[in-house]
Amino acid sequence: MQALDELFCECMLSAVNKKSMGVLMDASTLALSPEMEDYLETIAALFHANGEARVTDIAERLSVSKAGVTQALRSLAAKGLVDYRPYVSPTLTKTGQHLAERVQRRHDVLKRFLSEVLLVDSELAEANACRLEHAVDRSVLERLAHFIDFVQHCPRGGSKWIRGYEHSCDPDQETAVCERCMEMAINEYRNRQHTQLTEEKTMTLAELKPGESGRIVRVGSVGSIRRRIVDMGAVGGTNVTVVKVAPLGDPIEVKIKGYSLTLRKEEAEAITIEAQTSQEGAK
């Protein structure tokens, strides 16, 4: 009889909570302890993995007693964050789900920073992220996430920069020479600029006008057409000049290595060249 009374009281409490939470609470106004945030995060994770979050599984994951879980669920239900009834797996309300996602995001960003930027061991990064996630302000977290992306994608940073940091953390290694790192970074930047400018200057041989020259970058065709082009001496690095183009654009007369050759338009379109100025072509 006492068990029935307790069940009735729990059901009434759940009904009152649902009614009082008719309007979704503003998650930012809720003050939760780190332990309560852990419960929300764990419920969300178990529900995602198993389709439900049983009290037994929650207790096992958080290393607490089932009685402790029940007490925490009642507290979360009173705040409108969990739908909870005895003997039924709890589920998160919309507000609870929002808070759980926010906690999980803090955790993920912190773990990324520890493991990908500071190069902390994965298990150690996981454990420390769990402790830090409850104390980081949202604005600080956003800056931290932005910093991670900046370090990994900025031309002045990237994976090589992170490896340089890893090198500096090793007490058995000599201190990195900054001047050498700067020289390497400058050379890489110049190479990227050269590659970009080269790509902007490339075109097909068929696009050149009579009298214009270029340097062959690659021959993109395959099969017999490619073999014929290569046999005529049109290989990478070779200078080529368009001599004459037929009225309909086909064929095209070119000069390669001092020899005059005639190419079909489709063959000329398969040859990628780097356009040259008249001064360069004269060299």
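Every read-out reported here was derived from the displayed coordinates using simple, explicitly stated rules and does not represent laboratory data. In this text the structure is predicted, and so the values were computed from the model without any measurement. No Cβ is skipped: glycine too gets one built from the backbone with ideal geometry, and neighbour counts run over all protein chains shown.
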At 0.36 nm per residue, and after removing the present C-alpha to C-alpha distance, how many nm does the segment from CYS130 to ALA275 gain when stretched out fully?
46.5 nm
Around VAL217, which amide H atoms from residues at least 5 apart in sequence, or from another chain, sit under 5 Å from its own amide H, with H modelled in the peptide plane?
GLY237, THR272, ILE273, GLU274
Could you give me the ³J(HN,Hα) list for segment 40-49, computed from phi with Karplus coefficients 6.51, -1.76, 1.60 and θ = phi - 60°, whole Hz, x at Gly and Pro?
4, 5, 5, 4, 5, 5, 5, 5, 5, 7
Test of understanding: ordering PHE150, PHE47, PHE113 by Cβ neighbours within 10 Å, fewest first, what list do you get?
PHE150, PHE47, PHE113
Cβ-based exposure ranking for TYR84, TYR259, TYR39, TYR189, in which fewest neighbours within 10 Å come first:
TYR259, TYR189, TYR84, TYR39
For labels at ALA246 and GLU188 in the simple 7 Å Cα→Cβ model, what's the distance in nm?
5.0
Let me know the Rg and Dmax you get for segment 56-109 when you use only its Cα atoms, in Å.
11.8, 35
